[in-house]
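Scroll down for the structure; my scribbles are underneath it.
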Amino acid sequence: MTAILSRYSTMPYRRAGASGLDLPAFSFGLWQKFGPDHPYQTQREILLRAFDLGVTHFDNANRYGPPFRAAEKTFGRLLKQDLAAHRDELVLSTKAGNPIGPGPYQRGGSRKSLLTSLDHSLRDLGTDYVDIFYHHRHDPGTPLEETASALATAVQSGKARYVGISNYEPGFAAELVALLNRRGVRLLVHQPRYSLFDRSPEDNRLLEVSSELGFGLVVYSPLAQGLLTKKYLAASIPPGARALDSAFLKPSQIDETYRRRATGLNRIAEARGQSLAQLALQWVLRRPEVTSALIGASSTWQLEHNLKALDFPPFTTGELELIDEFGVHGTGSTG
Ligand SMILES: NC(=O)c1ccc[n+]([C@@H]2O[C@H](COP(=O)([O-])OP(=O)(O)OC[C@H]3O[C@@H](n4cnc5c(N)ncnc54)[C@H](OP(=O)(O)O)[C@@H]3O)[C@@H](O)[C@H]2O)c1
């Protein structure tokens, strides 16, 4: 594979909080459809196209596949066969802490779980270090002190360049920042879910807290797993769509309230000359606290289409007010 020379010419890069690291406005995640149930050729095409379009940040976790750990192996294969010469240009992240099995060291926030999982991820990815190692979810059963010490060890041992957290309430995030700072380690990023249909980072003040404490936000599922695209506006779900084969998005989430709100947003997008997906991505990136929108895609078409989301004029105050009418927290959620 030969990477194209223009790969840095169109992607905007944004500074992660008060750190020195720039991340692409769009990062790519391998949560679903990057295990052996889907063709490697398609996965490879999407990932290499992303790299050619300036996506330098690829997000993984020990849980991604299915089955667990499969997506890291997929990326490891790509790294070995296609991207080895470009390792220095990549920001690779992985996570541990969400359950990957029944055992006591296959979950949580202990030193044992986190550092064992990191070693396993490095073997599967085929790299000596990850750029960002995340604790996937706050574990109330483990002293935060122990989790902070494990994350600091990951950095001090050279196995991670930076550390991050995901799904932490702002209060616990602030506590962890203080514990890390005492060890001379910066919290680079927090990874929360944020979209027009999940506005928790506004409601719980995570957006403000991130800038007060100097970490960036890499926001996941900005398209609400596809609900913020046109694909679920039709009467029936199109073949191949995530809602038909995922444990995390179910047809029951696509109800009349969802359709009414998504249709309203789609009308606003059309009036602006963009698609619903592009509007939804531009909307999360309107906030300066958001370093990167962490997207998924099951085709190169989706990827290329979505990466054009910042080619449109900024939202006016009137448009933002109208968007608020339809971008209601909890839309399309499971409960
Ligand atoms: N930290 C955490 O706890 C956590 C949790 C979840 C995700 N994440 C991270 O965030 C990443 C992204 O999450 P996500 O995949 O839910 O993001 P998303 O961008 O909200 O959804 C992506 C999915 O939407 C559909 N889609 C995308 N563009 C489309 C378009 N233009 N038209 C129609 N459909 C389109 C595709 O699904 P189909 O084509 O398959 O329908 C695609 O896989 C994950 O890979 C992972 O790295 C982190």
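Any read-out appearing in this document is the output of simple, stated calculations on the displayed coordinates, not a laboratory observation. Since the model is a prediction, treat every value here as computed from it, not as a measurement. Neighbour counts run over all protein chains shown; Cβ positions are idealised from the backbone, glycine included.
Fully extended, how many nm does the chain gain between Asp119 and Ser299 (0.36 nm per residue separation, minus their Cα-Cα distance)?
61.7 nm
Which whole-Hz ³J(HN,Hα) couplings does the stretch 243-258 yield from phi under the Karplus relation 6.51 cos²θ - 1.76 cosθ + 1.60, θ = phi - 60°, glycine and proline marked x?
Ordered by residue, 3J(HN,Hα) equals 4, 8, 9, 10, 7, 10, 9, 10, x, 5, 6, 9, 10, 5, 4, 4 Hz.
Under a straight-distance cross-link criterion of Cα-Cα below 18 Å, which aspartates and glutamates are reachable from Lys231, leaving out those fewer than 8 residues away in the same chain?
Partners within reach: Asp245, Asp255, Glu256, Glu270, Glu304.
For Glu202 paired with Ala178, estimate the spin-label separation in nm (one decimal), with each label point 7 Å from Cα along the Cα-to-Cβ line.
3.0 nm
Sorting Asp198, Asp59, Asp88 on the 10 Å Cβ count, fewest up front, what's the list?
Lowest to highest Cβ neighbour count: Asp88, Asp198, Asp59.
Helix-derived [θ] at 222 nm for the chain: sum -39500 (n - 2.57) over DSSP H runs of at least 4, divide by residue count, nearest 500?
Helices in the chain give a 222 nm mean residue ellipticity of -10500 deg cm²/dmol.
Comparing Ala84, Ala309, Ala152, which has the greatest mean-square fluctuation in the GNM of the chain with Cα pairs linked when under 10 Å apart?
Sorting by GNM fluctuation, first place goes to Ala84.
Could you line up Glu146, Glu208 from fewest to most neighbouring Cβ atoms inside 10 Å?
Arranged by neighbour count, lowest to highest, Glu146, Glu208 become Glu208, Glu146.
Roughly what would the spin-label model give for Glu89 and Lys230, points 7 Å off Cα along C-beta, in nm?
3.3 nm
According to the square roots a ≥ b ≥ c of the eigenvalues of the Cα gyration tensor, what is the shape class of the stretch 219-300, taking rounded for a/c under 1.5, prolate for a/b larger than b/c otherwise, and oblate for the remainder?
Since a/c reaches 1.5 but b/c is at least a/b, the shape of the stretch 219-300 is classed as oblate.
Using the 10 angstrom Cβ neighbour count as an exposure proxy, how do Thr317, Thr300 rank, fewest first?
Taking fewest neighbouring Cβ atoms as first place, the list is Thr317, Thr300.
Would you mind calculating the relative contact order of the chain from Cα pairs under 8 angstrom and at least 6 residues apart, reporting the percent as a whole number?
Contact order relative to length: 17 percent.
How large is ³J(HN,Hα) for each residue in the stretch 284-300, as worked out from phi by the Karplus curve 6.51 cos²θ - 1.76 cosθ + 1.60 (θ = phi - 60°), to whole Hz, x for Gly and Pro?
Values, residue by residue: 5, 7, 5, 8, x, 5, 7, 6, 8, 9, 9, 9, x, 7, 10, 8, 5 Hz.
Can you tell me the mean projection area, over all orientations, of the convex hull of the stretch 1-93's alpha carbons? Units nm², please.
So the Cα hull casts an average projection of 6.1 nm².
Run the simple label-point estimate for Phe248 and Asp324 please: 7 Å along Cα→C-beta, distance reported in nm.
So the two model labels end up 3.0 nm from each other.
Using the Cα centre as the reference, give the magnitude of the dipole from point charges on the C-beta atoms of the stretch 118-180 (Lys, Arg: +1; Asp, Glu: -1; all else neutral), rounded to the nearest 20 debye.
160 debye
Run the reach check for Lys73 against lysines, Cα to Cα strictly under 23 Å, same-chain hits fewer than 8 apart removed. What comes back?
Partners found: Lys33, Lys95, Lys112, Lys159.
Hey, quick one: spin label on Arg260, modelled 7 Å out along Cα-Cβ, who in the stretch 305-335 has an amide N within reach, i.e. under 14 Å?
In the stretch 305-335, the label zone of Arg260 (backbone N under 14 Å from the point 7 Å along Cα→Cβ) covers 325-328, 331-332.
Around Tyr134, which amide H atoms from residues at least 5 apart in sequence, or from another chain, sit under 5 Å from its own amide H, with H modelled in the peptide plane?
Those lying under 5 Å, H to H, from Tyr134 are Thr94, Lys95, Ala96, Gly164.
Identify which of Pro99, Pro170, Pro238 has the largest mean-square fluctuation in a Gaussian network model of the chain, with springs joining Cα atoms closer than 10 Å.
Maximum among the listed residues: Pro238.
Can you say what percent of the DSSP beta bridges in the stretch 1-147, counting only those with both residues inside, are antiparallel? Round to 5. Walk me through the numbers on the way to the answer.
Working: 3 of 12 bridges.
Roughly 25 percent of the beta bridges in the stretch 1-147 run antiparallel, per DSSP.
Counting only C-alpha contacts under 8 Å and six or more residues apart, can you give the relative contact order of the stretch 1-103 as a whole percent?
Value for the stretch 1-103: 28 percent.
Classify the stretch 89-201 from the C-alpha gyration tensor, please: rounded if a/c falls under 1.5, else prolate or oblate depending on whether a/b exceeds b/c.
rounded
In the stretch 60-209, what % of DSSP beta bridges are antiparallel (nearest 5)? Each step should come with its number before you reach the end.
Working: 1 of 14 bridges.
Rounded to the nearest five, the antiparallel share is 5 percent.
If you scale each eigenvalue of the Cα gyration tensor by 5 and take the root, what three semi-axes come out for the chain, rounded to whole angstrom and sorted largest first? Mind showing how you got there, number by number?
Values: eigenvalues 178, 106, 81 Å².
For the chain, the semi-axes come out at 30, 23, 20 Å.
In degrees from 0 to 90, rounded to the nearest 10, what is the angle of the helix 111-125 Cα long axis to the longest principal axis of the chain?
Approximately 70 degrees, to the nearest ten.
Among DSSP beta bridges whose residues both lie in the chain, state the antiparallel percentage, nearest 5.
Values: 4 of 32 bridges.
Antiparallel bridges: around 10 percent, rounded to the nearest 5.
Given the options Thr263, Thr42, Thr316, which has the most mean-square fluctuation in a GNM of the chain, springs set between C-alpha atoms less than 10 angstrom apart?
Highest fluctuation of the listed residues: Thr316.
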